[in-house]
Amino acid sequence: MKKQQNRGITLVALIVTIIILIILAGISVNFVLGENGLFGRALQAREDYIQAEKEEQETFNALLAEIDKIGQGEQLEEITKDTPAGDKVKKPEGWSNTTEAISD
């Protein structure tokens with residue numbers, strides 16, 4: 001009598017493999033599409049970036065306006081825009097409100 005050799009996988013092994021793959025697929029879909037998933041965090045990061053860009057542009061425009069005033073010989077005003085850290089941006093004490101020509 002010849003011994004029969006098993007060269008395939010059993011039905012039980014196939015079913016176990018399929019169940020494991022279904023579980024992994026469910027976890028992956030929840031990670032990507034869930035409430036705090038990958039796409040949700042990416043959208044929040046985009047919104048945060050756009051808001052930070054607007055705030056930076058506003059601060060930049062305010063500083064440009066102050067530089068223009070200095071160039072025209074006007075008084076400096078205190079900039080009291082709130083920063084993200086909650087601080088106020090102000091003119092440093094000791095700065096003069098006039099400009100002087102530098103001579104050699």
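Laid out as a table, the results:
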item	result
Residue list for segment 54-88, restricted to those being at pLDDT 65 or above, outside any helix (DSSP H, G or I) and surrounded by fewer than 10 Cβ atoms within 10 Å (Cβ to Cβ)	72, 73
The lone exception for residue 51 - which of (1) surrounded by 11 or more Cβ atoms within 10 Å (Cβ to Cβ); (2) modelled with pLDDT under 95 it fails	(2)
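The values are calculated or read from the model by the stated rules, or taken from the named source; none is laboratory data. Here the structure is a predicted model, which is why all the values come from computation and not from measurement. Using ideal geometry, Cβ is built from the backbone for each residue, glycine included, and neighbour counts are taken over all protein chains shown.
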